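Worksheet: one structure, shown below.
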Amino acid sequence: MRYLLTEEQKMIVEICRKIVEDRIIPVRAEFDEKRIFPTDIIKEIGKSDLFRLFVPEKYGGMGTGIFEVCLATEELSRGDLSVATSYAASGLGFIPIILMGSEEQKEKYLPQLASGEKLAAFGLTEADAGSDVSAIRTTAVKDGDFYILNGTKQWITNGGEADIYTIFAKTDPEKGARGVSALIVEKGTNGFEFGKKEDKLGIRASTTRELIFNNCKIPKENLISREGMGFVIVMRTFDQSRPAVGAQGVGVAQAALEEALNYSKIRTQFGTSISSFQAIQHMLADMATSVEAARSLVYYTAKVIDSGEKDVSRLSAMSKLFASDMAMKVTVDAVQILGGYGFMKDYPVEKMMRDAKITQIYEGTNQIQRNIIALDLIKKGFN
Amino acid sequence: MIEKIRIIVCIKQVPAVMEIKINPETNTLIREGIENIINPFDTYAIEEGVRLKARLIALKDNSFDVEVIAISMGPPQSVEILREAISLGIDSGVLVSDRAFAGSDTWATAYTLSKAIKKIEGWKIIILGKQTLDGDTGQVGPELAHILNIPFIGYASKITEISRNKMVIKRLMEDRYETFEVRLPAAISVGKDINIPGIPSLRGKMKSRSAEIPVWGNEYLGMEAKECGLNGSYTQVIKIFTPEHKHETLMLSGTPDEQVSEIYSKLKELNLI
Ligand SMILES: Cc1cc2nc3c(=O)[nH]c(=O)nc-3n(C[C@H](O)[C@H](O)[C@H](O)COP(=O)(O)OP(=O)(O)OC[C@H]3O[C@@H](n4cnc5c(N)ncnc54)[C@H](O)[C@@H]3O)c2cc1C
Ligand SMILES: Cc1cc2nc3c(=O)[nH]c(=O)nc-3n(C[C@H](O)[C@H](O)[C@H](O)COP(=O)(O)OP(=O)(O)OC[C@H]3O[C@@H](n4cnc5c(N)ncnc54)[C@H](O)[C@@H]3O)c2cc1C
């Protein structure tokens with residue numbers, strides 16, 4: 001089943017499938033097992049122009065929309081969620097510059113991010129500040145033409161691999177969420193170091209790392225927008241990026257469904273293929289239906305965003321929530337259809353199940369998504 | 001004046017099958033239902049052409065500019081592989097096609113390609129695949145270089161140095177590496193060990209869709225009738241057939257002792273000992 005795609009969108013899908021088949025599938029199990037960051041694959045993704053999808057033409061991008069980003073993310077996620085996470089996290093790192101950056105910041109940073117020559121990262125979370133963004137303790141104190149950054153960020157995707165970091169810090173610790181500001185920090189700046197690399201349940205090939213700032217001097221030109229705009233930048237960035245987390249869910253679920261479907265046709269028990277058992281057929285039917293439903297919601301949300309609509313938080317949260325919960329269920333069911341073989345590392349579905357879990361957690365847990373949806377619903381109703 | 005250095009990549013369209021099937025009645029290839037692809041080795045030639053261009057540009061010498069051109073001689077549908085080459089980073093494509101070229105053997109193919117290449121100003125490096133999936137001769141490269149009177153290095157494994165007028169080429173032989181330095185223009189053929197072919201880029205794909213691909217026929221190349229096609233060919237295919245497998249292979253397993261006794265009884269059974 002293919003949606004109505006333009007010629008260019010079909011090309012995006014074709015390119016991603018080629019990357020998945022030629023470059024990702026042959027190595028994904030090993031990269032997962034040994035926690036190898038997929039440097040060459042990310043380079044290839046860059047060479048194929050896929051990072052350009054996020055970026056306006058003026059800065060070396062292709063000027064396409066969130067829909068195209070979702071298509072690429074979905075297809076890459078069919079191959080491996082670690083790769084798709086690194087891809088999407090770079091986008092997450094530079095969306096703040098696209099949305100609220102100054103002309104100089106855009107000209108300086110976007111071309112090299114669009115080409116994939118450099119990767120970006122998004123540094124918000126800290127040990128004591130996950131869902132509660134206002135609790136961050138990293139500080140940025142103005143000192144002449146600089147901000148002095150101190151603090152530690154935790155679990156930052158692409159940490160160490162990326163060259164450009166969007167870091168959220170308190171410029172006014174008294175003010176809670178309204179005291180948060182966003183700064184662009186380059187790798188190699190004095191006082192900026194990397195800490196522990198995490199050993200994870202899933203997306204093990206993507207790097208999740210600590211960022212440590214110790215009297216790190218950042219030129220004041222690197223402030224995105226104004227002081228105190230950090231929280232707004234976070235929210236506006238997530239509005240744009242969450243459908244892509246949904247697309248990750250759709251991609252990994254699609255891959256698990258395909259594995260389960262193929263396996264059900266070749267596995268024989270009681271003298272017949274297991275796909276002839278109605279119990280298995282109904283699982284496959286439910287899985288396929290929920291993948292399509294999630295895909296529709298993700299695509300619809302992306303199209304609404306691309307149409308220029310500003311009030312998208314509710315829809316964006318819904319697409320992430322629904323598609324990630326769906327991905328968890330479908331991947332668990334895929335393991336069930338493969339039975340004991342599904343539990344073994346010889347088959348790819350156990351990894352898909354481990355990987356899928358992250359989509360319910362990052363870029364706001366699914367509890368937080370429900371909070372956003374419910375509050376928006378109660379405040380605005382349907383108008 | 002800025003010199004234009006042109007890298008020529010020769011590519012051929014072949015049926016995407018490992019084993020060619022031949023119609024025993026007509027002696028021709030069975031092409032129905034078979035997808036046509038770029039000859040696999042030629043995808044390495046394309047990638048190397050794109051990389052050499054990047055390396056030459058990285059020299060930051062303002063006195064020259066570089067362009068990579070793919071050429072294919074074949075029927076009109078070969079335009080598809082030229083478009084694909086463009087999506088992989090080739091700048092432009094030329095299709096060499098004319099009914100008069102039908103029936104060309106490797107010599108006539110090389111001769112016709114040489115005529116086309118001579119029409120391109122500034123050609124300096126010619127890259128070919130080491131052989132094709134269908135014809136499989138590996139002759140076109142050496143013949144082409146001979147006709148153009150330039151050095152030919154087959155089976156290049158690595159271009160270790162490149163400048164505007166010379167290349168250093170390393171190749172792996174069975175028991176040794178060989179290193180050659182050649183003056184340009186020169187031709188090389190490449191196989192799987194030289195690089196990993198790239199993935200098409202989105203901008204390349206967009207460009208390939210709208211790219212104008214000129215078709216050069218004999219009117220443009222100006223060969224005499226006796227020089228091209230069947231008439232220009234020294235060899236003619238009299239018969240093509242699929243060999244019947246008359247031999248059967250038997251694999252023995254087990255311990256060496258078991259294998260020896262098995263082979264012994266087999267040979268005995270056949271009255272050979
Ligand atoms: C692999 C990985 C990669 C990550 N990459 C990045 C990155 O690149 N950049 C970055 O900044 N962060 C990143 N994170 C952090 C991620 O965004 C946070 O883990 C997430 O926001 C949740 O925060 P927490 O883990 O502290 O959970 P907590 O906030 O401590 O939540 C614990 C539980 O309480 C629930 N809960 C919390 N508050 C509420 C509430 N108000 N109502 C209802 N339930 C609630 C949560 O849903 C959850 O179930 C990453 C995390 C992981 C695991
Ligand atoms: C089944 C079959 C059998 C044939 N048998 C003979 C035969 O016995 N004797 C004979 O003389 N001819 C034969 N031909 C026809 C013809 O010689 C070849 O198709 C053609 O000349 C190219 O030779 P090749 O395929 O062996 O190429 P090779 O010499 O193996 O090709 C080497 C490289 O040269 C380049 N190249 C080759 N052909 C082209 C082209 N058309 N356009 C651009 N670049 C090209 C490519 O880079 C290729 O990788 C046969 C063809 C087929 C399909």
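When each of A:A279, A:A288, A:A244 is tested for being among the small types (G, A, S) and open to solvent by less than 20 Å² (accessible area, probe 1.4 Å), the lone residue that passes is A:A244. Quick check on segment B:94-112. Is at least one of its residues in contact with a helix residue (DSSP H, G or I) (Cβ under 9 Å, 6 or more places away or on another chain), touching a residue at least 24 places away in the same chain (Cβ under 8 Å), part of a loop (DSSP other than H, G, I, E, B) and away from ligand 2 (no atom under 11 Å from the Cβ)? Checking segment B:94-112: at least one residue is in contact with a helix residue (DSSP H, G or I) (Cβ under 9 Å, 6 or more places away or on another chain), touching a residue at least 24 places away in the same chain (Cβ under 8 Å), part of a loop (DSSP other than H, G, I, E, B) and away from ligand 2 (no atom under 11 Å from the Cβ).
For segment A:30-42, which positions are away from every other protein chain (no Cβ under 13 Å), in a helix (DSSP H, G or I) and crowded, with 16+ Cβ neighbours inside 10 Å? Reasoning before the result, please.
Just the residues of segment A:30-42 that are away from every other protein chain (no Cβ under 13 Å), to begin with: A:30-39.
When the remaining residues are screened for being in a helix (DSSP H, G or I), the result is A:30-34, A:39.
The answer is A:F31, A:D32.
Within this structure, B:R209 passes the test of being within 14 Å of chain A (Cβ to nearest Cβ), touching a residue at least 60 places away in the same chain (Cβ under 8 Å), outside any loop (DSSP other than H, G, I, E, B) and open to solvent by 60 Å² or more (accessible area, probe 1.4 Å). Number of residues in segment A:299-317 that are in a helix (DSSP H, G or I) and closer than 20 Å to A:G63 by Cα: the value is 8.
Inside segment A:44-60, can you point out the residues that are open to solvent by 10 Å² or more (accessible area, probe 1.4 Å) and under 10 Å from A:A114 (Cβ atoms)? Spell out the reasoning first.
Kept after step one, since they are open to solvent by 10 Å² or more (accessible area, probe 1.4 Å), are these residues of segment A:44-60: A:44, A:47, A:52, A:54, A:56-60.
Of everything in segment A:44-60, those that are open to solvent by 10 Å² or more (accessible area, probe 1.4 Å) and under 10 Å from A:A114 (Cβ atoms) turn out to be A:R52, A:F54, A:P56, A:E57, A:Y59, A:G60.
Go through the residues of segment A:333-347 one by one and say whether even a single one is within 22 Å of the chain's Cα centre (by Cα), open to solvent by less than 20 Å² (accessible area, probe 1.4 Å) and more than 16 Å from ligand 2 (Cβ to nearest atom). Give the steps one after another, and end with the answer.
We begin by selecting, within segment A:333-347, every residue within 22 Å of the chain's Cα centre (by Cα); these are none.
Scanning segment A:333-347, I find no residue that is within 22 Å of the chain's Cα centre (by Cα), open to solvent by less than 20 Å² (accessible area, probe 1.4 Å) and more than 16 Å from ligand 2 (Cβ to nearest atom), so the answer is no.
Only one of the listed residues (A:E227, A:E221) is away from ligand 2 (no atom under 16 Å from the Cβ), acidic (D, E), at pLDDT 95 or above and part of a helix (DSSP H, G or I). That residue is A:E221. Note on segment B:13-56: among residues that are open to solvent by 70 Å² or more (accessible area, probe 1.4 Å) and at pLDDT 95 or above, the one that is nearest to ligand 1 (Cβ to nearest atom) is B:R51.
Give me the residue from segment A:362-371 that is touching a Leu at 6+ places or on another chain (Cβ under 8 Å) and assigned to a helix (DSSP H, G or I) and, out of that set, nearest to A:V312 (Cα to Cα). Before you say what the answer is, go through the steps one by one.
Filtering segment A:362-371 for residues touching a Leu at 6+ places or on another chain (Cβ under 8 Å) gives A:363, A:366, A:369-370.
Imposing the further condition that a residue be assigned to a helix (DSSP H, G or I) reduces the set to A:366, A:369-370.
On the way: A:N366: 17, A:Q369: 13, A:R370: 14 Å.
Here the residue is A:Q369.
The condition (being part of a helix (DSSP H, G or I), assigned by TED's automatic domain parsing to the domain that holds A:Q254 and within 22 Å of A:V133 (Cα to Cα)) is satisfied by just one residue among A:A293, A:A327, A:A374, A:A356: A:A374.
Would you check if A:T157 is at pLDDT 95 or above and open to solvent by 30 Å² or more (accessible area, probe 1.4 Å)? In short, no. Note on segment A:46-64: residues that are in contact (Cβ under 8 Å) with a residue 60 or more places away in the chain and more than 11 Å from chain B (Cβ to nearest Cβ) total 1.
The values are calculated or read from the model by the stated rules, or taken from the named source; none is laboratory data. In this text, all values refer to a predicted model and were calculated from it rather than measured experimentally. Using ideal geometry, Cβ is built from the backbone for each residue, glycine included, and neighbour counts are taken over all protein chains shown. Accessible surface is based on the protein model in full, side chains and every heavy atom, while ligands, DNA and RNA are left aside. Shrake-Rupley method; radii C 1.70, N 1.55, O 1.52, S 1.80 Å.
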